[in-house]
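Working notes, structure below.
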Amino acid sequence: MKQENEKKFIFGSLFVLANRLQLAGDQFDPQITMKQWYLVAMASQFREPPTLSALAELMGCTRQNVKKLAVLLEKKSFLELRRDGHDARALRVVMTPHCYAYFKGRETAEDELLEMLYAGMRREEIAALHLGMRRLTENLEKIEARVQEGFKA
């Protein structure tokens, strides 16, 4: 396969893989969707409960989308939305004890799922994929900056 075709294949595969991963993840646990899981996973990356805006930036989506997901998770008692003590306009995403216990209880199943996802891949392949994904992310950030400057088709 010529490199240009490989690039097109990878580009298209990113969408297919994202959709299939979301579908499989949604079926994996009927209690929580993949997007909701992703919000919890990203919120756990912060030392202090993040604001909706900080979480949206990390997740690569809008504050409105994060708020919709957070409200659904709040209804399920996975998190609480609290006003910031210093800025009443900001909402902080606070994970609940129920959230921590719930995800602790499914750790083994999540580990097994990851093992299945990467089955048959050598360390070198995983390392190369990791590097490639990091480079694609960096390049996408450059594209986003160009679009902000007015770059269009």
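The values are calculated or read from the model by the stated rules, or taken from the named source; none is laboratory data. All of these numbers come straight from a predicted model, not from anything done at the bench. Heads up, the Cβs are rebuilt from the backbone with ideal geometry, glycines too, and the neighbour counts pull from every protein chain shown. The area values use the complete protein model at the heavy-atom level, side chains included, leaving out ligands, DNA and RNA. Shrake-Rupley method; radii C 1.70, N 1.55, O 1.52, S 1.80 Å.
Numbers at a glance
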quantity: For Asp84, net neighbour charge (Lys/Arg +1, Asp/Glu -1) across residues whose Cβ lies under 12 Å away; calculated: +2
quantity: On Cα atoms only, tilt of 107-117 relative to the major axis of the chain in degrees; calculated: 20 degrees
quantity: Rounded accessible area of Tyr100 (nearest 10 Å², 1.4 Å probe); calculated: 130 Å²
quantity: Over the chain: helical MRE at 222 nm, DSSP H runs n ≥ 4 each giving -39500 (n - 2.57), nearest 500; calculated: -22000 deg cm²/dmol
quantity: The chain, relative contact order [Cα under 8 Å, separation at least 6], %; calculated: 13 percent
quantity: Gained length - Lys104 relative to Lys68, 0.36 nm times residue gap less alpha-carbon distance; calculated: 10.5 nm
quantity: Helix 63-75 vs. the chain, principal-axis angle (Cα, 0 to 90°, nearest 10); calculated: 50 degrees
quantity: Positive-pole candidate from Gln27, Gly85, Leu58, dipole of segment 1-131, charges at beta carbon; calculated: Gly85
quantity: Positive-end extreme of charge dipole, segment 59-153 - chosen from Cys99, Leu69, Ile126 (charges on Cβ); calculated: Leu69
quantity: Paramagnetic reach from Ala153 in segment 1-40 [backbone N under 20 Å; point 7 Å along Cα→Cβ]; calculated: 4-16
quantity: Dipole magnitude of the chain, debye to nearest 20 (Cβ charges: Lys/Arg +1, Asp/Glu -1, about Cα centre); calculated: 480 debye
quantity: Percent accessible area from carbon and sulfur atoms, the chain, protein chains only, probe 1.4 Å; calculated: 57 percent
quantity: Using alpha-carbon coordinates, inclination of helix 123-148 to the longest axis of the chain, degrees; calculated: 70 degrees
quantity: Unsatisfied cross-links (Cα-Cα over 31 Å) in the set Lys8/Lys35; Lys8/Lys75; Lys7/Lys104; Lys8/Lys68; calculated: Lys8/Lys75; Lys7/Lys104; Lys8/Lys68
